[in-house]
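The values are calculated or read from the model by the stated rules, or taken from the named source; none is laboratory data. As the structure is a prediction and not an experimental result, all values here were calculated from the model. Positions of Cβ are generated from backbone atoms using ideal geometry, with glycine treated the same way; all protein chains shown enter the neighbour counts.
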Amino acid sequence: MRRFAFVIGAALPLALAPAAQAEDVVIRIEAKRGAEAARASAEGWGAQFSDVVTFPLADGWVGIALGPMPRDEAAARLERLKQERKVPGDSFLAAAAGRDLTPAAAPAAPETATGNASTFPQGAGQPATADAAAAEPETAAAEPAPAAEPAPAQFFLRLESSTDRARAEELLAKWRETLPEAGLWTLPNGRSAIAFGPLDEATGAAWLKAFKAAGAVPRDAFLSAAEDMGEIAIIGKVPELGAPPAPDAAPAAMPPLEDIQRALRWAGHYDGGIDGKDGPKTRAAIAEEIVRLRASPDTATAMAELIRRREAWRAEMGLTALRDSHTGLALPAPMDKLQFDRAERALSIYGPKEGSGAALILFSQPGGRQEMLDLAGLVTALGWVPAPERRVERGSVTLDGRNQTHIGHAEGRVVDGRVQGFVLIWPISDPEDQHRLAAEISDNLSRFAPGAGEARPETPAIAPAVAQD
């Protein structure tokens with residue numbers, strides 16, 4: 001079990017350290033997410049120490065510490081406990097003032113009891129210590145304590161360093177835009193280093209490779225053992241990263257590449273074609289998504305999880321297969337939020353259902369590039385896509401715009417002598433779902449039958465342009 005003292009919270013700025021010498025501090029030895037886990041761990045530590053306290057941290061974490069006590073006494077005690085391997089190697093001092101300290105209820109054996117070398121308590125995932133056993137001689141005689149196991153080694157992903165502390169803090173702020181868990185360390189040589197962790201060695205090595213593949217960390221980033229990191233200057237957060245596959249596990253099956261491309265486009269990290277081809281855009285998007293998702297550094301496992309999340313989202317959004325007989329178009333649509341309103345010439349219009357603020361307009365009519373551009377002008381004139389940014393490519397046009405109430409997105413294409421496409425209108429308050437829906441409709445829009453007007457002469461929604469003499 002991992003023991004992380006490197007948790008959410010604010011470190012004491014180094015500039016304030018001299019003024020804090022007279023204040024009481026605590027020895028931070030561990031943190032747990034959730035009150036129940038923290039209580040169990042604190043009871044385990046209480047079998048060894050008489051002054052175990054807990055206190056709330058951010059995001060549901062609970063700190064576990066020893067104290068409070070004067071700083072000089074705490075510093076000497078922490079050094080001794082680390083040498084005797086009675087506390088984790090990444091334990092550190094933290095100010096006691098302003099913290100809601102709650103003593104642990106469990107009684108403790110004397111910390112200075114003699115016996116075999118002590119290690120971490122059972123509450124922290126280690127066997128009970130000889131000191132704890134000394135408190136109950138009858139039990140110790142009948143059932144000798146198992147041999148102590150060393151704590152698992154912890155590593156940090158070193159990102160960048162500087163001899164200038166102010167510059168290092170600027171670099172840390174920049175790194176936290178992409179890796180918000182990063183912290184700042186003062187190395188034994190005096191340099192300030194930005195680091196990310198802690199991680200066990202196997203997890204750290206796998207994620208270092210994944211981060212480099214995505215260009216998320218420098219090519220010279222590396223893993224550094226916790227004992228080489230020096231002192232915490234600005235504390236970060238414990239990263240939540242999926243474990244790599246076990247060395248003896250069978251490789252996970254890679255999902256079909258076309259499914260991966262659809263899921264990547266849904267996630268907003270791919271704008272290439274859905275063609276099932278392993279091109280540079282697809283590879284770059286996969287690497288980026290592995291880092292963003294953090295489900296696993298293994299490509300097949302991470303992509304399977306992304307596809308699962310997309311399917312769960314589709315179910316949550318109520319996407320169903322819409323087959324519109326007026327235009328002959330088929331597509332996935334959130335019909336829980338839409339209801340058919342009317343058909344006009346080449347248009348089929350679905351308005352908001354129960355005040356959802358959503359709308360969908362489908363269009364299909366004979367024509368080519370000019371008719372496609374005319375339809376784009378109609379969409380703009382009607383305000384369906386307000387103040388749009390227009391992108392015209394060979395055989396297609398895309399409009400994107402928004403105002404204070406809604407986001408509009410429209411796509412038109414020339415397919416087999418017809419202009420067909422859609423307009424999606426969505427509330428401004430939900431841009432993420434709007435983007436995902438637009439991608440789903442665009443990737444799956446198809447014709448299943450002739451439009452209702454194709455059996456008879458049809459008056460176009462927009463009359464073809466007439467050349468002037």
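Answer yes or no as to whether V379 is surrounded by 18 or more Cβ atoms within 10 Å (Cβ to Cβ), over 31 Å from the mean Cα position of the chain (by Cα) and of a type in the set (V, I, T). Yes: the conditions hold for V379.
Take the residues in the range 47-75 that are modelled with pLDDT of 90 or more and of a type in the set (S, T, N, Q); name whichever of them is farthest from P103 (Cα to Cα). Filtering the range 47-75 for residues that are modelled with pLDDT of 90 or more and of a type in the set (S, T, N, Q), the one farthest from P103 (Cα to Cα) comes out as S50. Residues of the range 292-304 that are closer than 15 Å to A263 by Cα and either modelled with pLDDT under 90 or not small (G, A, S) (or both): R292, L293, T299, T301, M303. Filtered by the rule that a residue be more than 20 Å from V217 (Cα to Cα) and either surrounded by fewer than 16 Cβ atoms within 10 Å (Cβ to Cβ) or assigned by TED's automatic domain parsing to the domain that holds D430 (or both), the range 280-304 gives a lone residue, A300. Which condition number in (1) modelled with pLDDT of 65 or more; (2) buried (at least 17 other Cβ atoms within 10 Å of the Cβ); (3) outside any helix (DSSP H, G or I) is the one that G44 fails? All conditions pass for G44, except number (3). Out of all the residues in the range 18-26, is one or more surrounded by 13 or more Cβ atoms within 10 Å (Cβ to Cβ), touching a helix residue (DSSP H, G or I) at 6+ places or on another chain (Cβ under 9 Å) and either modelled with pLDDT of 90 or more or closer than 15 Å to A105 by Cα (or both)? The answer is no; no qualifying residue exists. Scanning for something touching a Phe, Trp or Tyr at 6+ places or on another chain (Cβ under 9 Å), modelled with pLDDT under 90 and not in a helix (DSSP H, G or I), does the range 435-449 turn up at least one residue? Taking every residue of the range 435-449 in turn, none turns out to be touching a Phe, Trp or Tyr at 6+ places or on another chain (Cβ under 9 Å), modelled with pLDDT under 90 and not in a helix (DSSP H, G or I). Across the range 308-316, not a single residue is classified as part of a strand (DSSP E or B), in contact (Cβ under 8 Å) with a residue 40 or more places away in the chain and in contact with an Asp or Glu (Cβ under 8 Å, 6 or more places away or on another chain). Just one of the listed residues (L362, L378) is in contact with a Ser or Thr (Cβ under 9 Å, 6 or more places away or on another chain), of a type in the set (A, V, I, L, M, F, W, C) and more than 20 Å from E432 (Cβ to Cβ), and it is L362. Can you spot a residue in the range 422-440 that is in contact (Cβ under 8 Å) with a residue 24 or more places away in the chain and of a type in the set (S, T, Y)? Looking for residues that are in contact (Cβ under 8 Å) with a residue 24 or more places away in the chain and of a type in the set (S, T, Y), one finds none in the range 422-440, hence no. Could you list, in sequence order, all residues of the range 353-395 that are in contact with a Lys or Arg (Cβ under 7 Å, 6 or more places away or on another chain) and within 23 Å of H406 (Cα to Cα)? Within the range 353-395, K353, S356, A358, A376, P386 qualify.
For the range 339-358, the tally of residues that are part of a strand (DSSP E or B) and either aromatic (F, W, Y) or surrounded by fewer than 21 Cβ atoms within 10 Å (Cβ to Cβ) (or both) stands at 11. Filtering the range 28-41 for residues that are touching a residue at least 40 places away in the same chain (Cβ under 8 Å), within 19 Å of L93 (Cα to Cα), surrounded by fewer than 16 Cβ atoms within 10 Å (Cβ to Cβ) and of a type in the set (G, A, S) leaves an empty set. Scanning the range 359-393 for residues that are in a helix (DSSP H, G or I) and without any contact (Cβ under 8 Å) to a residue 24 or more places away in the chain yields T380, A381.
Name the single residue, out of those in the range 67-98 being part of a strand (DSSP E or B) and over 33 Å from the mean Cα position of the chain (by Cα), that is surrounded by the most Cβ atoms within 10 Å (Cβ to Cβ). Checking each candidate, the answer is G67. Take the residues in the range 76-107 that are at pLDDT below 70 and in contact with an Asp or Glu (Cβ under 8 Å, 6 or more places away or on another chain); name whichever of them is nearest to E43 (Cα to Cα). Among those that are at pLDDT below 70 and in contact with an Asp or Glu (Cβ under 8 Å, 6 or more places away or on another chain), it is A106. Residues considered: E389, E411. Of these, the only one that is charged (D, E, K, R), closer than 17 Å to L362 by Cα and at pLDDT 90 or above is E411. Counted as qualifying within the range 151-268 are the strands (runs of 3 or more DSSP E) with 2 or more residues that are within 17 Å of the chain's Cα centre (by Cα) and outside the structural domain of E432 (by TED's automatic domain parsing), namely 192-199.
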